Amino acid sequence: MHAFCKRWIKLLFLLPTLFFFTVYTLYPVATTFRTAFQYNMINSQKHYNTLDNFKRMIKDDHALTAIKNSAIIMLSEFILLFPLSFLLGLLLNISFRGSGFVKLITFTPYILSGVLTTLVWYFVVDPGMGILNPFLKAIGLGKLARVWIGGPTLTPYTVSVIDTWKSIGFYAVLIMAGLKMIPRELNEAATIDGASKPQRAWYLTLPLLKETLKICVVYIIINALQTFQTIVILTRGGPNYKSTVLAYYIYDEQWGFDRNFGYGAALSLILFVLIMGLSIGFLTVTRKRVEN
Amino acid sequence: MRKLFTILLISVVLLSVGAMAFAAAKTITITYVNFIGKETDQVGATIDTYMKAHPNVKFDYQIVDHTTMQQKYQVMISSNTLPDFFWWNAIWLSQTLQNNPTTLVDLTPYFDPAFKSKFLSGTWNLLATKDGRIAGFPAEMQVQAWMLNKSLFDKYGLKIPTTYEELKACVPVFKKNGIATIDIGTLDPWPTWGFYQWMQLWGIDDQGDDLFLTHKVKTVDAGYAAAFKAIAELKALGAFPDNNATLNFEAMVQMFLAGKAAMISLPSDQLGKIVGQPIEKDLVFNWGINFPNSPYSQKQAIKFVGNGYGVGGNVEKDQDKLKAIVDFNKWRYSNDAFPIALKAGFILPVKVAFNPSSLGPVMKQQYTLINDAMKGTITAAYSPYLRWNTDANIYSPAWGNPIDNLLVSLLNGSMTAADIPTELAKVDVNIDGAIAQLKK
């Protein structure tokens, strides 16, 4: 076929995707970027206010609390998810009787409705209606009973545990897939050469799994900073904004009583910068180390 | 020739009959949007009766979740696609007519003097724009009062409290028996109506000009600061459910219906949850306590029209539809239709010939409250709102949000009495900013 026709046909096939990408991704992002620099409230005359929204953010205690809680959730999930999903991935990589069932059980929380699973957790961890505190009291561990949600400090950690439970299957399957890509012959050769199991894991498995682990870290950063659903169902950011996270605070500013679209857009921009910055920064640093 | 004339005559007759039949058969479909079910909605309860009498008028009843509905309306205003007929908060209706006049029908021409005179005073406080244009058909007269479970008070040998001190005396007795004195859940931040009434009893409207126009009186020194102190004191005594920060409104109502709480603040539009329940016969619906130490009038109560029904701007292009909507609403406020809305739990803000003896216990008490001698006021939240030109963009960040946040935080214990002066001082800074904005 004529080269020009081939190129034209390729473009034609790309057009629908480009159209939807432009309308549903690029345009909203561009509009949000523009709105971040505006005074834009419901039923108001919009006008540009340069950096006023960002200046407000610096003095806004609730925004700083939201960023802090999002960071806590990200770090907690990293500490919990990373080793647990790695160990689970190793387990799933082994063939044993019932391994299919274990894989199913592990992956099920990830595919169930997030609203449903969070509601179930509500009836576990809520200090008034949940079963966790009465259970701890019943087994003589009443001293461990806490205000897991709805109190001033523990909500972000509780949310991390819940979100870890929900997504551990996903990361374990990613790691399992990565492990399956490591040639068996390398392990056999290392065994013949006298390497112990821990030595094989440290010097062989981990380095070859590096790219998969990098993807897991980036996913954890993105998902943790975008935590929203769990907070909406459990606490709505309360009491007194103490458990709010950045994604929920954005929603609250834009669709709560204030309906301040300008400030909400500015917060969205910050969230975007944080996610991109951390993800790209991590990938850049790890790539530099590999190159060195 | 004669044959041709006969054919022509028959054709004309047939065409005329066909046209009449077509006109008679023309169906008018009105899209109506609300967030509650048909049986517990005042419009929903009446449309079946109206449609039976007007077979060519059809209501397409659409229920949307409340939060989604509020969000959708904002988008619809931008695209001028508001529904034909829809429920909304009165302040948003009047704001929208003020700032986006083409998106809503101005209903002023349809309220002729005779029709308008039927309505009780206080109907138009929030439903009319600054220049008096009517933005919606009024919903029910809102009575924001207190529901008390008399059987619980009788069980523990307590009388129904009429003063703050009497209320405080009930708290330790109920607490000892695992009952919350005042039911409240703060996961949803809005069911705080009764506490706004306390601000009214502490003079927020009486001092309104000095608080919100001249700012001669600072919030921390204002009479209504005492309402927050009272709430903090009650929290410290254990009057509210523990861990209410994760209790939502539905769970809060269920708790009351289950007999786990002695009193709850409920407005008129939520009475559908109570009416018909086994507990109804034990309930006292009254204006709650007063504060004998307050220097302000205690003979004021919150009765006003807080919600309304708007008509989307596009309806003006279809005069038949607009006429049908106006006709339906004029009928709704008539002697015939008034009892139907009543059955659904709503008392419309109109003067009608009606005998309340047929009403159930709670509705009868509500009817009494609406028509009693207490001065009807709008809720305390509107005291600054109306003084600041009904501009929600000034009101919400300056007063609405911070005061709501303080109230909810005191109720769930995340703030205490010690935090009140600091938080009210922040409100004073906001008020200065609001006044400066108004002067621009």
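Hey, which of these cross-link pairs are over 22 Å Cα-Cα: B:235/B:260; B:26/B:323; A:242/B:218?
Too far apart for the 22 Å limit: A:242/B:218.
For the protein assembly as shown, the antiparallel share of DSSP beta bridges with both residues in that region comes to about 60%. Annotation: amide H of residue B:142 within the under-5 Å range of B:304, B:305, B:306, sequence separation 5 or more or interchain, hydrogens built in the peptide plane.
Across the range A:238-247, computed HN-Hα scalar couplings (Karplus, 6.51 cos²θ - 1.76 cosθ + 1.60, θ = phi - 60°) run x, x, 6, 6, 5, 10, 6, 10, 4, 4 Hz from first to last residue, x flagging Gly and Pro. So, in Å, what gap is there between the alpha-carbon centers of the range B:246-315 and the range A:117-171? For the range B:246-315 versus the range A:117-171, the Cα centre distance is 32 Å. The distance between label points at residue A:214 and residue A:20 comes to 2.9 nm (points 7 Å beyond Cα on the Cα→Cβ vector).
Give the whole-number value, in cubic angstrom per residue, of the convex hull volume spanned by the C-alpha atoms of chain B. Mind showing how you got there, number by number?
Working: hull volume 73.6 nm³, N = 440.
Cα convex hull per residue, to the nearest whole number: 167 Å³.
Sorted ascending by nearby beta carbons within 10 Å, beginning with the fewest, A:102, B:105, B:305 become A:102, B:305, B:105.
Structure remark: mean-square fluctuation, Gaussian network model of chain B, C-alpha springs under 10 Å; the largest value among B:172, B:113, B:189 belongs to B:113. Taking a point 7 Å out from the Cα of residue B:121 in the direction of its Cβ, the residues of the range B:377-399 whose backbone N falls within less than 11 Å of it are B:377. For the range A:155-292, the relative contact order is 19 percent, taking Cα pairs closer than 8 Å that sit 6 or more residues apart in sequence and dividing their mean separation by the residue count.
Semi-axes of the equivalent ellipsoid for the protein assembly as shown, computed as √(5λ) from the eigenvalues of its C-alpha gyration tensor and ordered from largest down, come to 51, 39, 27 Å.
Neighbour counts of C-beta atoms inside 10 Å place A:31, A:17 in the sequence A:17, A:31, starting with the fewest. Residue order for B:316, B:423, fewest other beta carbons within 10 angstrom first, comes to B:316, B:423.
Note on chain B: antiparallel DSSP beta bridges, both residues inside, total approximately 55 percent of the bridges counted. Taking amide H atoms as placed 1.01 Å from N in the peptide plane, the amide H of residue B:85 lies under 5 Å from those of B:31, B:33, B:312, each 5 or more residues away in sequence or on another chain. Between residue B:169 and residue B:373, the simple label model (points 7 Å from Cα in the Cβ direction) yields a spacing of 2.5 nm. For chain A, dividing the convex hull volume of the Cα atoms by the residue count gives 244 Å³ per residue. Of A:255, A:165, A:148, the residue with the greatest mean-square motion in the GNM of chain A, using alpha carbon springs below 10 Å, is A:255. Beyond 23 Å, what share of the Cα-Cα pairs of the range A:146-283 is found? Please give it as a whole percent. Above the 23 Å cut-off, the range A:146-283 has 53 percent of its Cα pairs.
So if the hydrodynamic radius of the range B:191-237 is defined as the Kirkwood radius over C-alpha pairs, what does Stokes-Einstein give as its diffusion coefficient at 20 °C and 1.002 mPa s, in µm² per second? Provide the component values of the computation, followed by the final result.
Numbers: Rh = 11.1 Å.
It comes out at roughly 193 µm²/s.
Considering only B:223, B:238, B:178, give the residue with the highest GNM mean-square fluctuation for chain B, with springs between Cα atoms whenever their separation is below 10 Å. So, out of B:223, B:238, B:178, the one fluctuating most is B:178. How far is helix B:66-79 tilted, in degrees, relative to the longest principal axis of the Cα atoms in chain B, given as a value from 0 to 90 rounded to the nearest 10? Computed tilt is about 50 degrees. Ignoring lysines fewer than eight residues from residue A:197 along the same chain, the ones with Cα atoms less than 21 angstrom from its Cα are A:180, A:210. Whole-Hz Karplus values for the range A:177-190 come out as 4, x, 5, 5, 7, 7, x, 5, 4, 5, 5, 5, 5, 5 Hz, taken residue by residue from phi with 6.51 cos²θ - 1.76 cosθ + 1.60 and θ = phi - 60°; glycine and proline positions read x. For the pair residue B:188 and residue B:6, a Förster radius of 51 Å applied to the C-beta separation gives a FRET efficiency near 0.10, rounded to the nearest 0.05.
Rounded to the nearest whole Hz, the Karplus-based 3J(HN,Hα) values (6.51 cos²θ - 1.76 cosθ + 1.60, θ = phi - 60°) of the range A:155-170 follow the sequence 3, x, 6, 4, 4, 4, 5, 5, 5, 5, 4, 5, 10, 4, x, 4, with x at glycine and proline. In this structure, the amide hydrogen of residue B:28, modeled 1.01 Å from its nitrogen in the peptide plane, lies closer than 5 angstrom to those of B:57, B:58, counting only residues at least 5 positions away or on a different chain.
Where a number appears in this text, it was derived from the coordinates with a stated rule and is not lab data. Source: prediction; values computed, not measured. Don't worry about glycine lacking a Cβ; one is built from the backbone with ideal geometry, like all the others, and counts go over all protein chains shown.
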